[in-house]
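**Q** This is the structure I have questions about; it appears just below.
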Amino acid sequence: MSNGTGRSRSALSTYGLPLLITASTLVVAAAGVLAAPLSPDSAVAAVFPPWWQREQAAAAVAVAGGLIVREGINGTIVVVRPTGPLLAERLREQGALLIVDPIAASGCLTLLAPAQSS
């Protein structure tokens, strides 16, 4: 395949990155749908951008009207209890990338503890 300058480019270099981005987006979207909270008045796990600091995530939860029940490994994944209606929507407005059932996100909340010897 020629790119107009006499150099040939492979299909992988032309379409690889867009396909990877599309596939990644679909995986994240599917995970969000499958792990959606069951009840609008139940606790949720909010996933904030990984480049945020713990304080930014906590401030976003406070502005959204939620109470942090538990933090994840880096503080940008938090389990939040609602203090009013529409918590998930308010968390998204404050920057949450994903809102999921806290049970579905439990693997992201803690590091594995070392095995205890008996």
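The values are calculated or read from the model by the stated rules, or taken from the named source; none is laboratory data. These numbers come from a predicted model, not from an experiment. Note that each Cβ is placed from the backbone with ideal geometry, even for glycine, and that neighbours are counted across all protein chains shown.
**Q** Which residues, taken from the stretch 66-94, are under 19 Å from Gln53 (Cα atoms) and surrounded by fewer than 17 Cβ atoms within 10 Å (Cβ to Cβ)?
**A** Result: Leu67, Ile68, Val69, Arg70, Glu71, Ile73, Asn74, Gly75, Arg92, Glu93.
**Q** Quick one: Gly84 ticks every box in (1) outside any loop (DSSP other than H, G, I, E, B); (2) modelled with pLDDT of 80 or more except a single one, so which number is it?
**A** Here Gly84 meets the rest and fails (1).
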